[in-house]
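J.: Here's a structure for you.
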Amino acid sequence: MDFKHVPVLYEECMQNLRIVPDGIYVDGTLGGGGHAFGIGSNLNENGVLVGIDRDTDALEAAGERLRGLKCRTELVHNTYANIKDVLAELGISGINGALLDIGVSSFQLDNKERGFSYMHDAPLDMRMNRDDGFSAYDVVNRYDRKQLQEIIKKYGEERWASRISDFIVRKRQDNPIETTGQLVDIIKAAIPASARREGPHPAKRTFQAIRIEVNGELEQIGQAVDEFCDVLLPGGRLCIITFHSLEDRIVKEAFHRRLDPCTCPKEFPVCVCGKVSDVVKVTGKPIVAGKEELENNPRSRSAKLRVIEKKR
């Protein structure tokens with residue numbers, strides 16, 4: 001299956017990265033290579049583009065798309081949270097900029113066999129890295145009722161988390177829940193008809209929650225902000241795109257901690273811990289899609305871009 005990914009906030013990312021032709025840049029969520037191609041197209045033969053993804057299908061597709069760029073291109077099967085290890089293996093000590101487009105890719109959603117989408121009936125999977133042994137099947141069939149309720153409420157912000165977890169546990173007593181279609185039917189049965197008529201697809205929040213749990217997505221984000229800030233060269237920028245409030249809140253708070261690292265009690269008149277920020281704020285409120293992009297790419301509707309810069 002071909003990647004049909006339209007990179008969100010593309011122009012805004014290119015502008016905010018302030019790409020220098022001979023610089024070193026990282027796309028930590030390579031996907032189909034849309035953002036990476038834009039970065040690489042602005043680099044010369046002395047520039048370096050590092051693309052990281054957990055999904056080998058993404059790396060293969062992006063490799064085809066990026067072929068022919070003038071710059072040195074390194075594609076790595078890993079997760080962006082391991083950026084320091086990735087760079088060390090490549091012999092790179094610092095970078096001029098990085099981009100993270102958090103969440104599931106359009107390819108993964110559209111490829112029904114991957115089990116990410118509530119719109120296709122497929123085996124319960126949702127693994128971004130198919131080498132991992134833990135899948136959505138394990139969450140749905142092996143988590144107890146309390147665990148299911150907690151992740152659906154926390155990661156999906158689903159008001160019907162308790163009923164949905166009850167229905168899942170009850171249904172799997174007969175036979176294991178094996179497909180996304182079965183799970184969708186259970187969720188629909190759990191949510192009252194009046195509630196199903198409002199808002200997004202009734203399974204959207206639960207599927208989001210299970211996907212986040214399977215891939216440990218939120219745990220990586222906060223760690224990654226610090227790791228990337230550490231490897232930025234003076235004047236280098238980190239751009240992060242998020243798609244829901246949980247992700248955006250983590251990025252916002254991680255940026256704030258980096259901008260204000262002082263650990264002194266609030267009542268202290270002066271700082272005595274000696275911790276000083278090594279970054280500056282580029283964005284206050286996040287950058288969002290304009291009218292034209294919203295019309296052409298519905299996925300951009302919930303996208304938010306935050307940018308931070310290493311002090312010169």
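The values are calculated or read from the model by the stated rules, or taken from the named source; none is laboratory data. Remember, predicted model here, so these are calculated numbers, not experimental data. Every residue, glycine as well, gets a Cβ built from its backbone with ideal geometry; the counts of neighbours run over all protein chains shown. Just the protein is used for accessible areas: all its heavy atoms, side chains included, with ligands, DNA and RNA removed. Shrake-Rupley method; radii C 1.70, N 1.55, O 1.52, S 1.80 Å.
J.: Has the range 212-223 got at least one residue that is within 25 Å of Arg54 (Cβ to Cβ) and touching a His at 6+ places or on another chain (Cβ under 7 Å)?
T.: Within the range 212-223, not a single residue is within 25 Å of Arg54 (Cβ to Cβ) and touching a His at 6+ places or on another chain (Cβ under 7 Å).
J.: Looking at the range 232-257, which of its residues are touching a strand residue (DSSP E or B) at 6+ places or on another chain (Cβ under 6 Å) and either of a type in the set (A, V, I, L, M) or modelled with pLDDT under 95 (or both)?
T.: Within the range 232-257, Leu232, Leu233, Leu238, Ile240, Ile241, Val251 qualify.
J.: Next question, about the same structure. Residues to consider are Arg301, Arg312, Arg306; find the one that is of a type outside the set (A, V, I, L, M, F, W, C) and open to solvent by less than 80 Å² (accessible area, probe 1.4 Å).
T.: Of the residues listed, the single one that is of a type outside the set (A, V, I, L, M, F, W, C) and open to solvent by less than 80 Å² (accessible area, probe 1.4 Å) is Arg306.
J.: Suppose we filter Ile39, Ile83, Ile52 for residues that are in a strand (DSSP E or B) and within 19 Å of Leu17 (Cα to Cα); which single one remains?
T.: Ile52
J.: Being among the small types (Gly, Ala, Ser) and either open to solvent by 40 Å² or more (accessible area, probe 1.4 Å) or assigned to a loop (DSSP other than H, G, I, E, B) (or both) is the requirement here; does Gly284 meet it? Reasoning before the result, please.
T.: Values: among the small types (Gly, Ala, Ser): yes; either open to solvent by 40 Å² or more (accessible area, probe 1.4 Å) or assigned to a loop (DSSP other than H, G, I, E, B) (or both): yes.
The answer is yes for Gly284.
J.: Among the numbered conditions (1) modelled with pLDDT under 95; (2) surrounded by 17 or more Cβ atoms within 10 Å (Cβ to Cβ), tell me where Tyr137 comes up short.
T.: So the condition that Tyr137 fails would be (1).
J.: How about the range 216-244: which of its residues are polar (S, T, N, Q) and touching a Ser or Thr at 6+ places or on another chain (Cβ under 9 Å)?
T.: Gln220, Thr242 - these are the residues of the range 216-244 that are polar (S, T, N, Q) and touching a Ser or Thr at 6+ places or on another chain (Cβ under 9 Å).
J.: Counting just the residues of the range 11-35 that are assigned to a helix (DSSP H, G or I) and in contact (Cβ under 8 Å) with a residue 60 or more places away in the chain, which one comes out most open to solvent (accessible area, probe 1.4 Å)?
T.: Glu12
J.: Which one of these is open to solvent by less than 40 Å² (accessible area, probe 1.4 Å), at pLDDT 95 or above and aliphatic (A, V, I, L, M): Leu87, Leu75?
T.: Exactly one residue qualifies, and that residue is Leu87.
J.: Moving to a separate point now. Restricting to the range 90-107, give me the number of residues that are surrounded by fewer than 18 Cβ atoms within 10 Å (Cβ to Cβ) and not in a helix (DSSP H, G or I).
T.: The total comes to 4.
J.: (1) farther than 30 Å from Ser135 by Cβ; (2) among the aromatic types (Phe, Trp, Tyr); (3) modelled with pLDDT under 95; (4) open to solvent by less than 60 Å² (accessible area, probe 1.4 Å): which one isn't true of Phe268, the others all being true?
T.: Result: Phe268 fails condition (4) only.
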